[in-house]
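The values are calculated or read from the model by the stated rules, or taken from the named source; none is laboratory data. The structure presented is a predicted model; accordingly, all values stated were derived computationally and were not measured. So basically every Cβ, Gly included, is an ideal-geometry build from the backbone, and we count neighbours across all protein chains shown.
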């Protein structure tokens, strides 16, 4: 599974270039339209061609980057994956209830986090020691809320709610709740 920080960096780079290309063409068009003493008429073919380029490029970016998101492959074919460990977690009254004080995971384990809300919509996010997010999901009451994740790096992770659930939601942090051991690599930090 590709690390989420690598995916974020790559998508930031690709979409920045895309946005800059849009801005350059819009700027060139604005310059052409506002030049004094020149005709402000822009050919229809230009608009059609530009719109076509934007649509093809934008859709292509989404199709190419969709496969780089770590959980897409697992979610598309969930029945083909059997988790090595499953952690049943409940959340209610702005508190996470974990099955143990520290969830211990071995290297390359495929782990299923099954989180159930008893009252409100919460978030369930796993964060590295440098406070960057490894993954997150929304936890909706009355619905299955599961995420499968393969851990390939040692590290200690904190669980946090990633959704606004009222003023008490800011305290929904369980420090050092997950520990991964047995890998060659340490968790990525910035």
Take the residues in segment 180-190 that are at pLDDT 85 or above and not in a loop (DSSP other than H, G, I, E, B), then tell me which one is surrounded by the most Cβ atoms within 10 Å (Cβ to Cβ). 180
Restricting attention to segment 111-123, and to residues there that are assigned to a loop (DSSP other than H, G, I, E, B) and in contact (Cβ under 8 Å) with a residue 40 or more places away in the chain, which single residue is nearest to residue 151 (Cα to Cα)? 121
Residues (free of Cβ contacts under 8 Å to residues at least 60 places away in the same chain, in contact with a strand residue (DSSP E or B) (Cβ under 6 Å, 6 or more places away or on another chain) and surrounded by fewer than 17 Cβ atoms within 10 Å (Cβ to Cβ)) located in segment 152-179: 154, 156, 173, 175
So which of 126, 134 is part of a strand (DSSP E or B), surrounded by 13 or more Cβ atoms within 10 Å (Cβ to Cβ), at pLDDT below 95 and touching a strand residue (DSSP E or B) at 6+ places or on another chain (Cβ under 6 Å)? 134
If residue 113 passes every condition in (1) over 27 Å from residue 6 (Cα atoms); (2) crowded, with 18+ Cβ neighbours inside 10 Å; (3) at pLDDT 95 or above but one, which one does it miss? (1)
In segment 96-110, how many are under 11 Å from residue 180 (Cα atoms) and crowded, with 16+ Cβ neighbours inside 10 Å? 3
Using the structure shown, decide if residue 150 is out of contact with any helix residue (DSSP H, G or I) (no Cβ under 6 Å at 6 or more places or on another chain) and modelled with pLDDT under 95. yes
I'd like to check something: does segment 57-77 contain any residue that is modelled with pLDDT of 75 or more, over 21 Å from the mean Cα position of the chain (by Cα) and not in a loop (DSSP other than H, G, I, E, B)? yes
Answer with yes or no whether residue 156 is at pLDDT below 90 and not assigned by TED's automatic domain parsing to the domain that holds residue 8. no
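Take segment 122-142 and flag every residue that is more than 18 Å from the chain's Cα centre (by Cα) and within 24 Å of residue 170 (Cβ to Cβ).
The one that is more than 18 Å from the chain's Cα centre (by Cα) and within 24 Å of residue 170 (Cβ to Cβ): 141.
Every residue, every condition in (1) at pLDDT 75 or above; (2) within 30 Å of residue 149 (Cα to Cα); (3) assigned by TED's automatic domain parsing to the domain that holds residue 131; (4) assigned to a helix (DSSP H, G or I), yes or no:
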position	(1), (2), (3), (4)
8	no, yes, no, yes
14	yes, yes, no, yes
20	yes, no, no, yes
27	yes, no, no, yes
33	no, no, no, yes
39	no, no, no, no
50	yes, no, no, yes
55	yes, no, no, yes
